[in-house]
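Asks: Below are the structure tokens for one structure; questions will follow.
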Amino acid sequence: MNVKIYTSSQLEEFACAKRKEFSSWRPQRSTAIDVYDFVDFVGCEPDWKYITPDQSILGCVCFSDTTLPTWENYVNKQSKEPEFNNFARGTIVIDQALNEGKDRGKENYTVVHECFHWLLHQYYFSEKDSDAVHSCGKDLFTIFGCSEDDSAVNILEWQANYAAACFLMPQEDVSQAFIKRLRLKGFPQKPLEMKRWVNAHISMLAKQFGVNFNPMKYRLQELKLVQ
């Protein structure tokens, strides 16, 4: 399988180091970052295409020069033949429909997820000519846990998901923001119940950090701040 196994602590340390390097490279005034600046930072180029007819693939990373099928537009694509475009090594392709939509949190997470594939997994895909491009279907972004016995794809996706979460929602920043927003005196002795008023604060935190509700919820659960 030749997949490197990283612990959650190792991935968090790596993501935090990249966040620190990125912050010194291009300081940000707000908690939420410009994810396309991060694409530049990791040495990649972004591109936007209609990757599939049904938005089943949200993004992909080109680990070598390659050619990919894309569609001209997002209206009635099922009835049209794809065209083929050349992409250089190091291109991160984001589904154009995602970029044109209003779900910035989903787009942010997708972009950073693809960046961590580039940072963590070049060794794996460079050995597989047939996998010169790694495409990430929308279902793969829901993998928030795995074991060493899982498939290579699940392990790689969990690693990219977890690193992206740590990068976009740093442990200390999220913890302090959570405590401040809920007006707690300190770190709660036990995780708070997922009640409606807590959910409202999670939604605000998600907006503050430029992500959606579920990634923020999973991050707070992993940090043992909510049940």
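The values are calculated or read from the model by the stated rules, or taken from the named source; none is laboratory data. What you see is a predicted model, and the numbers here were worked out from it, not measured in a lab. Glycine gets a Cβ as well: all are built from the backbone with ideal geometry, and neighbour counts include every protein chain shown. The area values use the complete protein model at the heavy-atom level, side chains included, leaving out ligands, DNA and RNA. Shrake-Rupley method; radii C 1.70, N 1.55, O 1.52, S 1.80 Å.
Asks: Might you work out the accessible area of residue 103 for me, using a 1.4 Å probe with all protein chains in place, and round it to the nearest 10 Å²?
Replies: About 60 Å², rounded to the nearest 10.
Asks: Leaving out ligands, DNA and RNA, what percent of the accessible area of the chain is carbon and sulfur, probe 1.4 Å?
Replies: 47
Asks: Sticking with this structure for a sec: At 0.36 nm per residue, minus the direct Cα-Cα distance, what do residue 89 and residue 17 gain on full extension? Give it in nm, one decimal, please.
Replies: Extra length from residue 89 to residue 17 when fully extended: 23.5 nm.
Asks: Now for a different question. So how much accessible area does residue 23 have, in Å² to the nearest 10, using a 1.4 Å probe?
Replies: 50
Asks: Considering only DSSP beta bridges whose two residues both sit in the chain, what percent are antiparallel, to the nearest 5?
Replies: For the chain, the DSSP antiparallel bridge percentage is about 70.
Asks: Taking the 0 to 90 degree range and rounding to the nearest ten, how far is the long axis of helix 152-168 tilted relative to the main principal axis of the chain, both from C-alpha atoms?
Replies: Roughly 50 degrees between the two axes.
Asks: Also, I was wondering about something else. With every protein chain kept in place and ligands, DNA and RNA left out, what is the accessible area per residue of the chain? Probe 1.4 Å, answer in Å².
Replies: Dividing the accessible area of the chain by its residue count gives 53 Å².
Asks: Set the Förster distance to 35 Å, then compute FRET efficiency between residue 64 and residue 193 from the Cβ-Cβ distance, nearest 0.05.
Replies: 0.10
Asks: Please list 153, 211 in order of solvent-accessible area, largest first, computed with a 1.4 Å probe with all protein chains present.
Replies: Largest accessible area first, the residues go 153, 211.
Asks: Going down the list 185/207; 106/224; 18/180; 185/224; 18/185; 180/217, which pairs span over 20 Å between their C-alpha atoms?
Replies: Too far apart for the 20 Å limit: 185/207; 106/224; 18/180; 18/185.
Asks: Subtract the Cα-Cα distance of residue 183 and residue 56 from 0.36 nm times their separation in residues, and report this length gain in nm to one decimal.
Replies: Extra length available between residue 183 and residue 56 comes to 41.7 nm.
Asks: For the chain, build the convex hull from the C-alpha positions and give me its volume per residue in Å³.
Replies: So the per-residue Cα hull volume is 135 Å³.
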